[in-house]
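The values are calculated or read from the model by the stated rules, or taken from the named source; none is laboratory data. All figures in this text were calculated on a predicted structure; none of them were measured in a lab. Cβ placement follows ideal geometry from the backbone for every residue including glycine, while neighbour counts extend to all protein chains displayed.
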Amino acid sequence: MESVGDQLNIIFLPFLASGHMIPMVEAARLFAAHGVTVTIVTTPYNALLFQKSIDHDRNSGHNISIHVVQFPHAEVGLPVGIENLNKCPSHDMVSKLYSGIHMLQQPFEQILFNLKPDCIVSDMFYPWTVQVATQLGIPRLLFHVSSYFAICAEHSVEKHRPHQSVESDIQTFVLPGLAHNIEMTKLQIMDNERFQDRYTEFLRVIKEAELKSYGTIFNSFNGLEHDYEEYYKTVIGVRAWSIGPIWLALNVDAADKAERGNTSIVQEHECMTWLNSKEPNSVLYISFGSLTKFSSAQLLEIAVGLEASGHQFMWVVRQRENDENQWLPEGFEKRMSDSEKGFIIKGWAPQLLIMGHPAIGGLVTHCGWNSILEGLNAGLPMITWPGFAEQFYQEKLVTDVLKIGVPVGVTAWCRSFDEVTEVVKREKVEKAVALVMGSGPEAMKMRKQARELSAAAKKTVESGGSSKANLISLINELKTVKHGS
Ligand code: UDP
């Protein structure tokens, strides 16, 4: 029998943004389900977002808890409760939130020194955890919230600088050294080097920390990104464990799904009842993740394009603060509601539940990694609509590597989620929707491919699957490290 001394203690430090926090908290829960003693360190508002699931896990006998640290609202000038990026409506609030996160380093460090864990699993935005781990003599694992592909594509661009050999912003070039022929333009790549400021310097520190880490955990699986897992390990040279899709491995129940990440704006039964009345694969789900907010002009183009396509849809809308509420065409909402063609969700949606419903037949995505994984798990063909961060690389993964999606036709990368200005026209929206929701050979091929990936995702987290084996092998290795043998 295992004694208390054999018990592995791991601290998880998620970043204060939903796309980071959701998969990392689920990873923490997965480790706890495998007998590890887990502590998640976060702030009060963020703790509330997943407290129920942690209580549920504790009642099931898992050794998992949340350690709460007060967020310095007063010091940075933010209202109480604003502790997550998706709660920041303005650029000014975003920078205040970053200042607050910077101030949390000291109390977070103190907790690590007090609790003396056997390992730290850290988000990339806490590069300082490398030094703390060294001082404590324990491994620091990085938890990446994007795909291997995006990290490798970015590495290829930084190493070979292929964009420097083209003559215009829209001339395409190939990303060297990758297993697939990936062509992009200068406007699409994640080119932080165009800007030299404190943030780019911080990104350099983050990359250095990645190389100094014991290794990296990815929410991915071998059958999905094999070539890029190999590239990451051999060319970038960091050890890695693919343990995803994590929420599948965790086997979250319907109640967990309904409240995942936030309190939903709609009653779960309301959207499920609406979907229950629809034919299989007949509804397009449109979501741009937890951060992207469009201008009224863009929302109008989406609405008109959707209506013109004639297809049914469920659309999660996040409108910019201070933008006038005139983004819908005349009578649109009433027409959609009367004809039952469209269901609009103005706020947080129970995304996992929705995507898992048989009526959903396609996905419009901003190419956030969580949403892509959720979509492919549901076997959905996609329309890709990237905006910022690594989303343009992930678009290429979906369209050119996995071949389960078509681009809507966004042309330019933005540095931040609150800087998306490009307006994609209604004709492009209509065309992409008609293609993905139609029954032509291209749509059928994508749907078949997405279903095969979905089957592979389910297998990989079961006994005998590679993600399950990787998780167990990582836990065993960390136990060996703890005992110094
Ligand atoms: N999400 C959700 N409801 C929403 C918006 C987002 O449940 O209304 C979840 C979504 O299922 C995913 C995460 O939030 O797990 C968003 O992560 P992603 O990587 O897709 O994008 P990000 O928000 O980081 O841009």
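Being modelled with pLDDT of 95 or more and either over 17 Å from Gly215 (Cβ atoms) or under 23 Å from the mean Cα position of the chain (by Cα) (or both) is not true of Ile138. For the range 357-371, the set of residues classified as buried (at least 17 other Cβ atoms within 10 Å of the Cβ) and part of a loop (DSSP other than H, G, I, E, B) consists of His357, Ala359, His366, Cys367, Gly368, listed by residue number. Output yes when any residue across the range 429-444 is among the aliphatic types (A, V, I, L, M), touching a Ser or Thr at 6+ places or on another chain (Cβ under 7 Å) and surrounded by fewer than 18 Cβ atoms within 10 Å (Cβ to Cβ), and no when none is. Checked against the condition, which is being among the aliphatic types (A, V, I, L, M), touching a Ser or Thr at 6+ places or on another chain (Cβ under 7 Å) and surrounded by fewer than 18 Cβ atoms within 10 Å (Cβ to Cβ), the range 429-444 yields at least one hit.
Between Ile66, Ile40, the distinction of being touching a Pro at 6+ places or on another chain (Cβ under 8 Å) and either within 16 Å of the ligand (Cβ to nearest atom) or under 24 Å from Ala255 (Cα atoms) (or both) belongs to Ile40 only. For the range 379-425, a tally of residues being part of a loop (DSSP other than H, G, I, E, B), within 12 Å of the ligand (Cβ to nearest atom) and surrounded by 22 or more Cβ atoms within 10 Å (Cβ to Cβ) returns 6. Val132 meets all of the listed conditions (1) within 30 Å of Thr421 (Cα to Cα); (2) crowded, with 18+ Cβ neighbours inside 10 Å; (3) without any contact (Cβ under 8 Å) to a residue 60 or more places away in the chain but one, namely (1).
The residue list His73, His102 contains one member that is without any contact (Cβ under 8 Å) to a residue 12 or more places away in the chain and either more than 16 Å from the ligand (Cβ to nearest atom) or under 29 Å from Ser220 (Cα atoms) (or both), which is His102. Residues that are surrounded by fewer than 19 Cβ atoms within 10 Å (Cβ to Cβ), within 16 Å of the ligand (Cβ to nearest atom) and within 23 Å of the chain's Cα centre (by Cα) do occur in the range 268-289, at least one of them.
Among the residues making up the range 21-71, those that are farther than 27 Å from His102 by Cβ and in a helix (DSSP H, G or I) are Arg29, Leu30, Phe31, Ala32, Ala33, Lys52, Ser53, Asp55, His56, Asp57, Arg58, Asn59. So if I check each of Leu16, Leu30, Leu8, which one is over 30 Å from Ile372 (Cβ atoms) and either buried (at least 19 other Cβ atoms within 10 Å of the Cβ) or in the same structural domain as Ser287 (by TED's automatic domain parsing) (or both)? Matching residue, one of Leu16, Leu30, Leu8: Leu8. Condition check for Leu30 on (1) under 23 Å from Trp348 (Cα atoms); (2) within 16 Å of the ligand (Cβ to nearest atom); (3) of a type in the set (A, V, I, L, M, F, W, C): one failure, at (1). Residues in the range 326-353 that are in contact (Cβ under 8 Å) with a residue 12 or more places away in the chain and either at positive phi or part of a helix (DSSP H, G or I) (or both): Phe332, Arg335, Met336, Glu340, Gly347, Gln351, Leu352, Leu353.
Yes or no: Ile189 surrounded by 15 or more Cβ atoms within 10 Å (Cβ to Cβ), within 21 Å of Val130 (Cα to Cα) and in contact with a helix residue (DSSP H, G or I) (Cβ under 7 Å, 6 or more places away or on another chain)? In short, no.
I'd like to check something: does the range 32-43 contain any residue that is over 27 Å from Phe388 (Cβ atoms) and modelled with pLDDT under 95? Looking through the range 32-43, none of the residues is over 27 Å from Phe388 (Cβ atoms) and modelled with pLDDT under 95. Against the numbered list (1) surrounded by fewer than 22 Cβ atoms within 10 Å (Cβ to Cβ); (2) within 16 Å of the ligand (Cβ to nearest atom), Gly375 comes up short only at (1).
Checked against (1) buried (at least 16 other Cβ atoms within 10 Å of the Cβ); (2) free of Cβ contacts under 8 Å to residues at least 40 places away in the same chain, Asn84 passes all but condition (2).
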